[in-house]
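See structure below.
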Amino acid sequence: MASQDWLDKDFYAVLGVSKDADEGEIKKAYRKLAKQYHPDRNEGDAAAERKFKDVGEAQAVLSDPEQRREYDAIRSMAGGGARFTAGGQGGGAGFEDIFSAFGGGGGGSRVRYGAGGGSPFAGGGGGEPDLEDILSMFGGGGGAAGFGGQGAGFRAPRGPVKGQDLTAKTELSFRDAVEGRTISLSVNGEKVNAKVPAGVKDGQKIRLRGKGAHGDNGADRGDLILTVSVGKHSVYGRDGVNLTIDLPVTFAEAALGATVAVPTLDGSQVKVRIAPGTPSGRVLRLKGRGIATKSATGDLLAKVQIVVPTELSDAEREAVEVLRDARTDDPRATLTSDATA
């Protein structure tokens, strides 16, 4: 039986299901919540008792196909929750008052929302009024009319409404963020597959079109705003679309020059030339070995780090001492003057 309370209650939200949930989903959600809020498990808890009653009422309406059709039609006609009231000084005309004017008792007449022929007071069989025909008497066809007049609170339905945008968070490994990946998320209890593009940054927000809440009456879904958290890598870092790596070299390689191998993220290696006299901190650029996005491909930046041995053999120590004695220049000669300039 249609009730004015239906305008104020979102039974789908009470059960935590979507508006297109099937009978099995509704039954499963009801059983879970009924068990959770059952008075035997929540003795003396008034809030749990109210929740138990709300869950029962929602299940009773949504599990009955005919009542569910009426509920959906009434909620849609009223924009999903607005009350039928008129703004005059003489008080408001309630939902039951509107239908009682056509021969039904307050909240006791059954209203059918659908196509019907003949008189609006004879539609659907059994003398029950057809809601679309009744509304057409007030200036519009099939569900598009409203009660006009200054201050009227009953407006025409807005038509299909696009679903709301939703937000979610996910964590990706460094490699998955660089290379891109299709992930699976749970959004309002529904499994959603989403493709994260290559090169996404830590903290970046991605708008996934059509992955949000379902729209009303077949309207488009909203979007999903996904915030991505990217983990660290033990070897690589990044600078925009460029990858970075610290490249350890020996003192001899840096002083005399050498060719060394640099690992890339795809598992291969690239040979690079270390020029004689290369200082620690110099950056070597490997073209096209960075992050490949739709708009650009970055480079791999290898930063030379000269490794100083912590232990020396007698022969190595003698060789270093010979080098020390052969070098007479002071690398800090101008440091003090430059510091006080």
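One table, with the values for the structure above:
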read-out	value
Among the residues listed as Asp8, Asp22, Asp40, the single one being surrounded by fewer than 16 Cβ atoms within 10 Å (Cβ to Cβ), assigned by TED's automatic domain parsing to the domain that holds Met77 and within 26 Å of the chain's Cα centre (by Cα)	Asp22
Residues located in the range 280-294, provided they are free of Cβ contacts under 8 Å to residues at least 40 places away in the same chain and farther than 15 Å from Asp246 by Cα	Lys287, Gly288
Scan of the range 295-322 for residues that are more than 12 Å from Leu247 (Cα to Cα) and charged (D, E, K, R), ordered by number	Asp299, Glu311, Asp314, Glu316, Arg317, Glu318, Glu321
Qualifying residue in the range 150-157 (condition: of a type in the set (Gly, Ala, Ser), at pLDDT below 90 and in contact with a Ser or Thr (Cβ under 9 Å, 6 or more places away or on another chain))	yes
Residue match in the range 241-250 (condition: under 30 Å from Thr167 (Cβ atoms), free of Cβ contacts under 8 Å to residues at least 60 places away in the same chain, not polar (S, T, N, Q) and not assigned by TED's automatic domain parsing to the domain that holds Gly199)	yes
Helices (runs of 4 or more DSSP H) contained in the range 244-341 and holding at least 2 residues touching a helix residue (DSSP H, G or I) at 6+ places or on another chain (Cβ under 6 Å), on the phi < 0 side of the Ramachandran plot and surrounded by fewer than 11 Cβ atoms within 10 Å (Cβ to Cβ)	none
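The values are calculated or read from the model by the stated rules, or taken from the named source; none is laboratory data. Predicted model, so just to flag it, every value in this text is computed and none were measured. Don't worry about glycine lacking a Cβ; one is built from the backbone with ideal geometry, like all the others, and counts go over all protein chains shown.
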